[in-house]
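Everything on this sheet refers to the single structure shown next.
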Amino acid sequence: MSAEVARGRVAFGPGSLALLVTLWLAWGLSYPVIGFAMTAVDPLSLRVVVMGSAGAILLLHAALTGGRMTVPRRLWRDVAISAFGNMTLCQMGLTLGIYWLGGGRSSVLMYTMPLWAALLGRLLLGEPITARRGVALALGAAAVLVLFAQKLPDARDAPLGVLANLVAALGFAFGTVWTKRTLWPLDLGALVGWQLLVGTLPLAAGWLIARPPLELPDVAHWLAFAYMVLIGNVLAYLAWFRLVDRLPTVVVGIGSLVVPCLGVLSSALLMDEAVRLADLLALALVCGALGLVLFLPRRTATSA
């Protein structure tokens, strides 16, 4: 993805851990925030404005800090492909999933993503699925199943929500792998900004046709909007793509499995969804998966 990665993998360390914690908090808290925002704004309008605003902020920051912003002509196809997966499919699918299923349930389905990312990383990048990673993936899948099992009655009543979340997870996995397979000669913030803006274009076209009303009625909804733009998109995507830059796709995917646990817990606290024993069991399984691929002796960290 970058010259740094082209020279060799960066082992997991304190910097990567700090990025992961940032990601866990930013995206884990996003689920109830998105749900709250949609009490005032329709899903399509919300995503067009949030993605467009975040993309513009990232490009402006890159310009002000002197970062390289120009995308070579030969790479625009890769920008479009990765943006369609990472931004268009992922963000719209996730938002519709939350709209139909709720934040806690959507966070569980969304984070089937590491399973798809591991398979796509093996096919497109040749990244090995070692025994340790395989066990970690199995633990992560078990955590998703444990969380989803208690939501199954609601999921049966909202098949479109289930489908939207699975499309989002597949899109995110594909877009991440496609981004990683390309050597990008530009600033990371600019890359994310271009992906956000290009990914917004199909949604903006739909918005211009549908012309839904767009109005944030009070300060609380404006704060939710600001959180989605600055934390859920700008900060979180910078952390995510920096991790993708440093680590194998499967390791980053497994590392992100804390997000659905925080999504369930934050939705419980902020949206009155109950916390059950199954939620705690899933968190324990995720911690086991993280321990297998992240917190390893330094001599084995790059091959986990």
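Only the coordinates and a few stated rules stand behind these numbers; no lab work does. Keep in mind it's a predicted model, so treat the numbers as computed, not measured. All Cβ positions, glycine included, derive from the backbone under ideal geometry; neighbour counts span all protein chains shown.
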Exercise. Counting Lys and Arg as +1 and Asp and Glu as -1, what is the net charge of the other residues whose Cβ lies under 12 Å from the Cβ of ALA18?
Worked result: +2
Problem set entry | Estimated D of region 33-298 in µm² per second, where Rh is the Kirkwood radius over Cα pairs and Stokes-Einstein applies at 20 °C, 1.002 mPa s | 113 µm²/s
Exercise. Along region 137-142, what does the Karplus equation 6.51 cos²θ - 1.76 cosθ + 1.60 (θ = phi - 60°) give for ³J(HN,Hα), rounded to whole Hz, x for Gly and Pro?
Worked result: 4, 4, 5, x, 5, 4
Exercise. What Rg and what Dmax come out for region 22-67 when only alpha-carbon atoms are used, in angstroms?
Worked result: 13.4, 39
For this session: Which order do the peptides 52-60, 180-188, 67-75, 233-241 take when ranked by the mean count of other beta-carbon atoms within 10 Å per residue, highest first?
Result: 233-241, 52-60, 180-188, 67-75
For this session: Give the long-range amide H neighbours of GLY67: residues separated by 5 or more places, or on another chain, with amide H under 5 Å away, using H modelled in the peptide plane at 1.01 Å from N.
Result: none
